[in-house]
1. Every residue in region 1-23 that is out of contact with any helix residue (DSSP H, G or I) (no Cβ under 6 Å at 6 or more places or on another chain), surrounded by fewer than 22 Cβ atoms within 10 Å (Cβ to Cβ) and not in a strand (DSSP E or B), please.
2. Name the one entry in Gly92, Gly171 that is under 24 Å from Pro255 (Cα atoms), surrounded by 24 or more Cβ atoms within 10 Å (Cβ to Cβ) and either touching a residue at least 24 places away in the same chain (Cβ under 8 Å) or within 16 Å of ligand 1 (Cβ to nearest atom) (or both).
3. Just for region 96-150: of the residues that are closer than 18 Å to Ser196 by Cβ and within 16 Å of ligand 1 (Cβ to nearest atom), which one is surrounded by the fewest Cβ atoms within 10 Å (Cβ to Cβ)?
4. Against the definition (away from ligand 1 (no atom under 16 Å from the Cβ), among the aromatic types (Phe, Trp, Tyr), crowded, with 24+ Cβ neighbours inside 10 Å and within 14 Å of the chain's Cα centre (by Cα)), how does Phe322 come out, yes or no?
5. Hey, among Thr188, Thr170, which residue is over 24 Å from Glu379 (Cα atoms) and either in contact with a strand residue (DSSP E or B) (Cβ under 9 Å, 6 or more places away or on another chain) or of a type in the set (D, E, K, R) (or both)?
6. Take the conditions under 28 Å from Pro280 (Cα atoms) and either surrounded by fewer than 16 Cβ atoms within 10 Å (Cβ to Cβ) or within 16 Å of ligand 1 (Cβ to nearest atom) (or both) and apply them to Pro315. Does it pass?
7. Could you give every pair whose Cβ atoms fall below 6 Å, whose first residue belongs to region 1-28 and is more than 19 Å from Ala199 (Cα to Cα), and whose second residue is more than 12 Å from ligand 1 (Cβ to nearest atom) and part of a loop (DSSP other than H, G, I, E, B), counting only separations of at least 6 or pairs across chains?
8. Does Ala192 satisfy being of a type outside the set (Phe, Trp, Tyr), touching a residue at least 24 places away in the same chain (Cβ under 8 Å) and more than 22 Å from Ala165 (Cβ to Cβ)?
Amino acid sequence: MPVPNLFLGLDSSTQSLSAVMIDPVKRQIIYEAAVNFDDVLPHYGTRNGTLPLDDPQVVHSPPLMWVEALDLLLQKMADDGAPLGEVAAISGSGQQHGSVYLNAAAPEALAGLSPERPLADQLRGIFSRPTSPIWMDSSTSVECEEIEAALGGKAATAEATGSAAFERFTGPQIRKFAKAEPGAFAQTEHIALVSSFMASVLAGRIAPIDSGDGAGMNLMDIRTRMWHSAALDAVFPNLGKKLPELSNPWKVVGPVLPMFGKKYGICEDALCVVWSGDNPNSVAGLGLVNPGMTAISLGTSDTFFGTMRDCHTDPNGEGHVFGSPTGDYMTLLCFKNGSLARERVKDRYALDWNGFSAALRRTPPGNGGKLMLPYFEPEIVPKVLTPGVRRFGGLDEPDASANCRAVVEAQMMSMRIHSRWMGEPPSEIYATGGASANPQILQIMADVFQCPVYRQESTNSAALGAALRAMHAWHRHTGEELLWDDAVCGFSDPLKESRIDPDSAAVPVYDELCAAYQSAEAEHKTGLKNG
Ligand code: ADP
Ligand code: XUL
């Protein structure tokens, strides 16, 4: 029997559950797989992983679907012959902010899971709320105002918890649920994040929330990384009783439940390491283990993030500070109109991704001044609660090529404008997420930011980061310190051949266009206020 020395990272994201397995000796990813929720679990009726609901501000997903996906993914891995018997530790990544509400039956049901029956059949009864509000939900503005008022305003909330109160953050979401459904809230004994919920299934016990993902709740003191008692009170009296403990990002939750060994052949000594959010995991996966490094993830959401040693929060209240897997901090901006907005444009003109890329190639940097405000969905940064797409500078709706360029340029310029609070502009960018496979999109990124852009071998930095965190924590657990620089070495190195250089002729073009874009954003905001 080979000595277990492989590490597995799982990523429960908006649209899929994926896996990355790494071999620390070969310093290689040895296996990758994914299951897409809409495709393999059509009976939940999701579209892009979320339930179709009438109100565009309310976005929920069924947590039982994530459980069922875990069975399917592990079965696929076993069928593919992935060496699950050699896995020493597993960790994971969850879409951030989403919350799962569990009743008093949950601990026993989790501990008693059997390999004989599907996980979903055994866990159907543990939810006090059948659906989970996720990060795309923007329906809690009232609760955000109430929380900020209780904590002394927007700036004070950001200073205390790392972020102003945001609609998708877990604290406001919990408050809305407690107010709207007091009966179901009373039945809720345990509140989990997507990350801690999935870890709970794997370990068969209520798992802690790590300080990286915990920072996305408006409930944690960003400096002490403990629950912030005034923030808890601002959400609901005695909320602390329903929350698990907070832990550091290298905490071992416990052994992986033996049933996963019996059912799928996972090594019986495998440890479950605390899961974290997809963005903190991506920090590890992209090797951003030293302050000052910057990445852009083009997943369902687009995120712009970097690492920082000392905590400083965004004075404009748009950005976030989370914990990073290294124990430092990370800065982050999240844009809801990411891949789904690009897809909306692609589909509107009946293009595939090749056609979309060809349109980007056909059009010049700056698009001849044609601009789009791409609010297909309510936007997080800048905050736009009523969706609506606006075209400026002579951009006509029927012009397919100009619209393809306009959506991508808008996204990149918005990142450039709203990331100024983080400090110096990036000197290089690491790109990840599904759309980072598209070189034409990355060329626009390089041109707008005027710095080189790199990709990695895997576009799934969140799952890779989870595997690296599993390895790091396993070493600590066995009494051996593993430096983060050593942990990521060989795994997170950018592909040299992926380097995309900026076109220096684009400097004045985007300086001018960014100013025009910023004015268009401001006008839109004023128009909404007045209208
Ligand atoms: P998440 O992890 O948030 O579920 P991913 O990082 O897997 O999302 O990204 C999925 C998205 O990647 C898809 O929704 C799709 O829009 C986008 N995508 C995939 N291939 C391409 C491509 N060649 N060009 C642009 N976007 C792409
Ligand atoms: C970050 C955010 C999203 C989710 C889903 O604040 O809301 O990036 O983590 O990917």
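Read the figures in this text as sums done on the coordinates, not as results from a lab. The structure presented is a predicted model; accordingly, all values stated were derived computationally and were not measured. Here Cβ is always computed from backbone atoms with ideal geometry, including for glycine, and neighbour counts include all displayed protein chains.
1. Met1, Val3, Asn5
2. Gly92
3. So, considering only residues that are closer than 18 Å to Ser196 by Cβ and within 16 Å of ligand 1 (Cβ to nearest atom), the one surrounded by the fewest Cβ atoms within 10 Å (Cβ to Cβ) is Ile134.
4. yes
5. Matching residue, one of Thr188, Thr170: Thr188.
6. yes
7. Pro4/Cys267; Arg27/Gly490
8. On the way: of a type outside the set (Phe, Trp, Tyr): yes; touching a residue at least 24 places away in the same chain (Cβ under 8 Å): yes; more than 22 Å from Ala165 (Cβ to Cβ): no.
So Ala192 does not fit the description; no.
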